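Asker: One structure follows; several queries about it will come next.
Here, each number is a calculation from the coordinates, and none is a lab measurement. Computed from a predicted structure; not experimentally measured. All Cβ positions, even for glycine, are placed from backbone atoms using ideal geometry, and neighbour counts span all protein chains on display.
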Amino acid sequence: RTARSHGRLDARAVENLDRLARDTFPDGTTGAAIAAVVRLAASFALQRYFDALAPAPSTTTPGNSGDTTDAPDPASTVQIGLDDLERAADRVLALSHPPPRP
C-alpha cells in the first residue's frame with residue numbers, strides 16, 4: 001500500500017496489482033513472502049534505473065560526453081513496474097512454494 005500511495009508503482013503495475021495478487025500468490029502465501037516479492041521488485045527497479053544512468057560505452061572524443069537523452073533524470077522517481085513484480089514473484093514463490101516432487 002505504501003509503494004502505491006507514494007507513486008512508486010508505475011501505472012501498469014497499479015492497474016494489474018489486484019490481478020497479480022489474486023492469480024500469482026497461492027493460498028498460504030505468508031506476509032513475509034509477499035514482502036520479499038516487493039523488496040526484490042524494488043531492487044529490480046533500482047537496478048534498471050542505475051543501469052540507465054550509467055554512461056554507455058562511447059566512441060565520442062575526449063571532452064564530449066555524448067548523447068544522454070535516454071538517461072533518466074537523476075531527480076526522477078524510481079518506479080516499480082509490473083515486469084519487476086512478476087519477475088520477483090516468480091523467484092520468491094519458486095523458493096517458498098516449490099513444486100511437489102513426483
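Asker: Once the other residues with Cβ under 11 Å from the Cβ of ASP83 are scored (Lys, Arg +1; Asp, Glu -1), what is the net sum?
Answerer: Values: positive: ARG12, ARG48, ARG87; negative: ASP10, ASP84, GLU86, ASP90.
Net charge in that neighbourhood comes out at -1.
Asker: Okay, moving on. What ranking, highest mean first, results for peptides 43-50, 77-84, 28-35 when packing means the other Cβ atoms within 10 Å averaged over each residue? Walk me through the intermediate numbers first.
Answerer: Working: 43-50: 15.4, 77-84: 17.6, 28-35: 12.2.
Put in order of decreasing packing, that is 77-84, 43-50, 28-35.
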